[in-house]
Amino acid sequence: MSAIRLLVLGAVRQHGRAHGYQVRNDLEFWGAHEWSNAKPGSIYHALKQMAKQGLLHAHEIAPSTVGGPPRTEYEVTDDGTAEFFRLLRESLTAYDQRLDALSSGIGFIVDLPRAEAVALLTERVRGLEEWRASVTGYYTPEAGPESLGHIGEIMNLWVASADFGAEWTRGLIRRIEGGAYTFAGEGERQVLVLGAGEENPYATTESHPGDRE
């Protein structure tokens with residue numbers, strides 16, 4: 001699953017319409033450049049690629065009064081909305097994805113109804129438990145990793161990762177079932193995007209030709 005596609009689609013959706021620098025700024029504000037591939041080049045490439053695929057609609061707007069080329073503002077299409085929710089659901093259920101995929105999904109989990117979020121996370125726990133069972137068919141944690149030589153440390157890592165992932169997910173399910181956060185259909189939700197002209201304390205210094213897009 002592509003975390004960058006989910007992040008970019010989600011960022012544009014939160015604005016309604018956004019240009020590339022706004023998307024980049026939001027993702028840096030969320031810290032996504034630290035835990036995912038949401039670097040400037042990847043962000044601008046994803047915007048242009050998804051516009052070609054019909055997931056985003058590109059609006060050319062007039063150049064600024066201080067000069068420079070016109071910016072392109074992007075808006076999520078109906079197909080883009082469908083792709084966003086497909087990626088979101090996949091990120092929350094798949095137990096074998098990279099951590100950046102799950103992190104991206106958690107960032108947009110409140111875009112789903114509460115009951116659906118719980119159901120998807122429950123499916124993730126089930127997948128982790130089945131995965132763990134398949135690993136322990138070859139490796140018994142009680143015997144210790146030394147029983148398989150140093151390769152046993154790999155098995156030990158897999159089992160520990162599955163145990164932690166399931167425990168963390170169950171904790172999130174309990175918090176959601178206990179009323180944490182505001183999910184889709186439950187009223188006004190906080191949107192964590194930077195306002196126009198608001199300084200981003202986490203902005204990187206790297207520049208990119210698309211910064212004017």
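Read-outs: derived from the displayed coordinates by stated rules, not from any lab. Keep in mind it's a predicted model, so treat the numbers as computed, not measured. Cβ coordinates were reconstructed from backbone atoms using ideal geometry, including for glycine residues, and neighbour counts include every protein chain displayed.
Give the calculated FRET efficiency between LYS52 and ILE106 to the nearest 0.05, with a Förster radius of 45 Å applied to their Cβ-Cβ distance.
Details: r = 29 Å, r/R0 = 0.64.
The pair LYS52/ILE106 has a calculated efficiency of 0.95.
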Between THR136 and GLU177, the FRET efficiency computed from the C-beta separation at R0 = 22 Å comes out, to the nearest 0.05, as 0.15
Over its alpha-carbon atoms, segment 22-139 yields an Rg and a Dmax in Å of 18.3, 67
